[in-house]
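Throughout, read-outs are computed from the coordinates displayed, never taken from laboratory work. Being a predicted model, the structure only gives us computed values, none of them experimental. Note that each Cβ is placed from the backbone with ideal geometry, even for glycine, and that neighbours are counted across all protein chains shown.
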Amino acid sequence: MLIARARKNPREWILPKGHIETGESAPDTAVRELQEETGVIGEIIAPVGVCVFSSNGREVEIEYFLMKSVGTGPSLESRQIQWVSFADAKQMITFPDARRLLNAAEQASGERRW
């Protein structure tokens, strides 16, 4: 499981995420943002859920995906990243709703034959 330090508050551990660009699908955004934020190139395995939260007075909806690492590339951001177990990620992640997504990802990964 890959987690990253938040840009706004580097004391917080988060799941990589980002904004959909014009003409881009949610899965394409997830792959692009993963590389931009962490330098990890990912391949989507399965959707794991949606998280809704408020940011700057607006409701934001983010779709998350379980991915496997297929390589590394340039990162546009200098975030600290850490590969951890699902159990450790659930303890370290800052936002409670992200734990629900981690549970879904863990279940989806257990159902896959790698």
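Figures for the structure shown
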{"quantity": "The stretch 7-25 versus the stretch 83-97: alpha-carbon centroid distance in Å", "calculated": "16"}
{"quantity": "Three principal axis lengths of the stretch 2-111 [C-alpha, angstrom, descending]", "calculated": "34, 32, 25"}
{"quantity": "Signed unit charges on C-beta, dipole axis of the chain, positive-most listed residue 82, 22, 60", "calculated": "82"}
